[in-house]
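**Student:** Before anything else, here's the structure in question.
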Amino acid sequence: MSRFLSVLVVILAVACQFPSAPVQAQTGSFSALARVVAEQSQLFQTDDGVILDLTLSQGVPYRAYTLEPVDDVPPRLVLDFREVDWQGLSPEAFGAIPDVTALRFGAVRPGWSRMVLDLSRPLALHRAGLRIDPQTGHGRLQITLRATSAEDFAARSGAPRDPAFDLPPPEEIARAAPRVVGEGPLIVVLDPGHGGIDPGAERDGVTEKELMLTFARELQDVLLRDGNFEVVLTRNDDSFVSLDRRVAIAHAAGGQVFISLHADALAEGQAHGATVHLLSDSASDAASAALAERHDRDDLLAGIDLTGQDDQVAGILMDLARQETQPRAERLAQALVKGIAAAELPLNSRPVRRAAFSVLKAPDIPSILLEVGFLSSPRDLKNLRDPAFRQSMAEALLEGLTLWVAEDAAISDLVRQ
């Protein structure tokens, strides 16, 4: 697939007309974060497309590109900024138009922000330009999209390779030497779900990303105080971390257990209480299938280009490695459920479930996804907001992990004999 990757650089100090630019990038240096001037920012529907008017408190480097639809994720417009403070801004501030079905924004990695617009049809970038107001210093970014064919949209789409915006090529990271469970502290990787541009579930002013980061830190403190665990977090702040990056962090840390923490939302009455999910090609129930589909869409919804990610040979090798790891993950799930039950905390009526969660696909690390509760359940939401409940849950998980370590070490000894 060919890609339309031309980049125009405009000096921000000079006011400019809006040039025709399928991908627009700008450079400059600023001392404070730009903020969106909401009352001067809006989406407009035109006869043949869309205009996005975005006013910022100051100009910032940015770029714009489109991404093709993937599975049930629609075509998208992606805007990267360095850097924008989105606090206090809601997607509704931009208005609703037919050609934009959803709009989201947030941090995508430290120092970088992203806005993603889901499009109802193929709309190609026609013009992109930033004009600086000499009186106020505000930057007015205007993006014009025009209707085009699916073929033309595909030819123009794809994340550009631009050293001003992209991370450097990944370096080889030496993995920590494998450690036998029971010999020294257990290395636990805690994965607070979502983050940055991806808020996860939202209910009554609570976002899953903030709640799970808080709980991950509280659980980390409980495990470290026990003295038998080392803890690594896949994110320590409100940054977006891709699914494959979360697994890579676990490998680089020599993780012996991977626990992804979530508090999702499903249809009212469909889910209550803590639930442990294991990796499986087929889901154990419709709700688990819906959760897996939702989680696996996070990378796409955050504007990541997944072109060329499939590797059939690697998949076969990972399946072989899981033949040993998966039974250990099964025992881990059961041990955590026992810990939660012993603490008399709310458990789902079917506490162990299975689905194809990508974040659980590390072949050599026992991995589970824990729904600590569901924001769609009023009882769970009340509990998750309560620091005392979260403390009790953290201590229950400590008990479950302690139980699993003893059991896993004993079984490993039998295998070695």
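**Student:** Report the local net charge at Arg245: Lys and Arg +1, Asp and Glu -1, summed over other residues whose C-beta lies under 10 Å from its C-beta. Can you show the working numbers first?
**Tutor:** Numbers: positive: Arg109, Arg235, Arg246; negative: Asp244, Asp299.
Result for the neighbourhood of Arg245: +1.
**Student:** Compute, for the range 108-150, the length of the dipole vector about the Cα centre, with Cβ point charges of +1 (Lys, Arg) and -1 (Asp, Glu) only. Units Debye, rounded to 20.
**Tutor:** Numbers: 7 positive and 2 negative charges, 17 e Å.
Approximately 80 debye in magnitude.
**Student:** Once you order the gyration tensor axes a ≥ b ≥ c over the Cα atoms, which shape class does the range 361-406 get: rounded for a/c under 1.5, otherwise prolate or oblate by comparing a/b with b/c? Walk me through the numbers on the way to the answer.
**Tutor:** Numbers: a/c = 3.99, a/b = 1.58, b/c = 2.53.
Oblate, since a/c reaches 1.5 and b/c is not below a/b.
**Student:** State, to one decimal in nm, how far the label point of Arg385 lies from the label point of Gln40, with both points 7 Å from Cα in the Cβ direction.
**Tutor:** It is 3.7 nm.
**Student:** Could you give the dipole magnitude of the range 32-136 about its Cα centre, charging the beta-carbon of Lys and Arg +1 and that of Asp and Glu -1, in debye to the nearest 20? Before the final figure, lay out each step's value.
**Tutor:** Values: 10 positive and 14 negative charges, 83 e Å.
About 400 debye.
**Student:** May I pose another question? Once the whole set of protein chains is in place, how much accessible area is left on Thr148, using a 1.4 Å probe, in Å² to the nearest 10?
**Tutor:** Surface accessible to solvent at Thr148 totals approximately 40 Å².
**Student:** Please name which of Met393, Ser377, Val405 has its Cα lying farthest along the dipole of the range 365-417 towards the positive end, using unit charges on Cβ (Lys, Arg +1; Asp, Glu -1) and the Cα centre as origin.
**Tutor:** Of the options given, the answer is Ser377.
**Student:** Oh, and also: What does the accessible area per residue of the range 325-369 come to in Å², with a 1.4 Å probe and no ligands, DNA or RNA counted?
**Tutor:** Working: 1650 Å² over 45 residues.
Heavy-atom SASA per residue in the range 325-369 reads 37 Å².
The values are calculated or read from the model by the stated rules, or taken from the named source; none is laboratory data. None of these values were measured; they are calculated from a predicted model. For neighbour counting, all protein chains shown are included, and Cβ atoms are generated from backbone atoms with ideal geometry for every residue, glycine included. In case anyone asks, the SASA skips ligands and DNA or RNA and just uses the protein heavy atoms, side chains included. Shrake-Rupley method; radii C 1.70, N 1.55, O 1.52, S 1.80 Å.
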